[in-house]
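Here is the structure we will look at.
The values are calculated or read from the model by the stated rules, or taken from the named source; none is laboratory data. The shown structure was predicted, so the numbers you read here are calculated from the model rather than taken from an experiment. All Cβ positions, even for glycine, are placed from backbone atoms using ideal geometry, and neighbour counts span all protein chains on display.
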Amino acid sequence: MTSREYTDAELVELFKDKSHKQMAFKILISRYKERLYWHIRKIVISHDDADDVLQNTFLKIWQNFDSFQGKSALYTWLYRIATNEALTLLKKKRKSVQFSIDEEDSQYEKQLVNDPYFDGDEIQIQLQKAINTLPEKQRIIFNLKYFEELKYEEISEILETTVGSLKASYHHAAKKIEAYLKNNLVEKS
Amino acid sequence: MNEEFKILNHIKDQNKSNAGFNVPDGYLESFEDKMMDIINAEEQSLAKKIVLVLKPWLSMAAIFTVIAIVYYNTPYFKTSQTVADASISNEITLDLLSSDFDELELMDMITDENNTSIFENINTDPALLEGITYEDIEGLVIF
């Protein structure tokens with residue numbers, strides 16, 4: 001059987017069977033690694049950090065899969081773990097290095113430009129810088145809606161926030177980014 | 001998306017995949033195998049941790065088992081215990097016999113030639129007979 005033939009619910013059941021545990025988990029990884037990787041990458045930015053966080057995420061999933069009760073969709077549970085792991089890494093990093101807001105902005109641009117795994121053009125750099133000015137939670141909401149095009153209901157399950165508050169938060173974030181881009185792209189051109 | 005977000009709409013229309021981010025060649029393709037190796041290593045180290053936690057308790061259990069085996073198999077402990085058990089059991093047997101038969105019936109039983117085989121088959125612990133002479137036994141049997 002291939003991974004395409006199992007539903008998420010079947011995978012959860014398969015995981016409970018000791019003899020199929022590893023196989024079920026391998027299918028789970030192959031199904032979600034890419035989506036989770038890009039979600040994490042947009043939060044932590046560097047590939048190395050994203051790789052670490054993705055590994056920790058799947059390790060946590062492996063250790064806690066038995067406790068998944070199926071009250072929410074499997075992928076929202078996975079996204080929640082990935083988001084928490086990514087935020088934990090950012091917190092750790094922030095504790096070790098502290099910059100002023102201006103320094104942080106220029107450091108962020110340097111990090112992007114020097115990243116061997118980022119080949120975005122000027123507009124992409126400015127977009128990332130604009131997203132980086134947002135508060136953490138707003139940034140995650142913006143990424144999930146703008147890039148991953150998740151529904152508000154899905155984001156609501158991942159972040160455990162009401163749909164109304166998510167809509168307001170996304171609108172506010174998009175407005176700030178639009179203004180940032182307007183100012184910075186006009187200035188540069 | 002809303003009309004007021006012209007630049008964001010424009011960026012989206014360019015449809016650049018993953019916002020300019022990319023990954024090393026083969027990274028995603030080899031990720032499952034790498035992750036399964038990490039999980040297997042983690043499982044093994046977890047098993048080792050469990051053994052390390054249980055080790056002192058297992059050692060103590062082993063020590064107590066050895067002590068118990070030695071206690072029940074060493075002749076010093078065994079002999080005194082067995083002799084005590086044998087005396088108690090003989091006393092009980094004699095009490096039961098005396099309550100069921102009077103002296104004459106017992107004497108008839110012992111002297112009856114037909115019962116010789118019964119007494120020959122009785123395994124008497126030599127430790128019980130220590131210090132008892134034939135005269136003592138004769139005295140006990142006749143009177």
Read through the list (1) at pLDDT 75 or above; (2) more than 26 Å from the chain's Cα centre (by Cα); (3) of a type outside the set (Gly, Ala, Ser); (4) surrounded by 11 or more Cβ atoms within 10 Å (Cβ to Cβ), then give the number of the only condition that residue B:71 fails.
(2)
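Here's the yes/no breakdown for (1) closer than 20 Å to residue A:87 by Cα; (2) free of Cβ contacts under 8 Å to residues at least 12 places away in the same chain; (3) part of a helix (DSSP H, G or I); (4) within 13 Å of chain B (Cβ to nearest Cβ):
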residue	(1), (2), (3), (4)
A:124	no, yes, yes, yes
A:129	yes, no, yes, yes
A:143	yes, no, yes, yes
A:155	yes, no, yes, no
A:166	yes, no, yes, no
A:172	no, no, yes, yes
A:179	no, yes, yes, yes
Just checking, how many residues over the stretch B:21-60 are farther than 30 Å from residue A:120 by Cα and in contact with a Ser or Thr (Cβ under 7 Å, 6 or more places away or on another chain)?
0
Some residue of the stretch B:8-22 being assigned to a helix (DSSP H, G or I), within 14 Å of chain A (Cβ to nearest Cβ), farther than 29 Å from residue A:63 by Cα and of a type in the set (Ser, Thr, Tyr):
yes
Go through the stretch A:19-60 and count every residue that is touching a residue at least 40 places away in the same chain (Cβ under 8 Å) and closer than 30 Å to residue A:134 by Cβ.
13
Taking residue A:110, is it over 17 Å from the mean Cα position of the chain (by Cα), away from every other protein chain (no Cβ under 14 Å), surrounded by fewer than 19 Cβ atoms within 10 Å (Cβ to Cβ) and modelled with pLDDT under 95?
yes
In this structure, does residue B:9 turn out to be in contact with an Asp or Glu (Cβ under 9 Å, 6 or more places away or on another chain), surrounded by 10 or more Cβ atoms within 10 Å (Cβ to Cβ) and at pLDDT 80 or above?
yes
Any hit, the stretch A:65-83, residues being loosely packed, with under 15 Cβ neighbours inside 10 Å and either modelled with pLDDT of 95 or more or in contact with a Ser or Thr (Cβ under 9 Å, 6 or more places away or on another chain) (or both):
no
Tell me which helices (runs of 4 or more DSSP H) are completely within the stretch A:1-73 and hold 1 or more residues being touching a His at 6+ places or on another chain (Cβ under 8 Å) and farther than 27 Å from residue A:93 by Cα, or say none if there are none.
A:8-16
If residue A:63 passes every condition in (1) under 13 Å from the mean Cα position of the chain (by Cα); (2) among the polar types (S, T, N, Q); (3) within 26 Å of residue B:30 (Cβ to Cβ) but one, which one does it miss?
(1)
Which of the residues spanning the stretch A:11-48 are at pLDDT 90 or above and of a type in the set (Asp, Glu)?
A:34, A:48
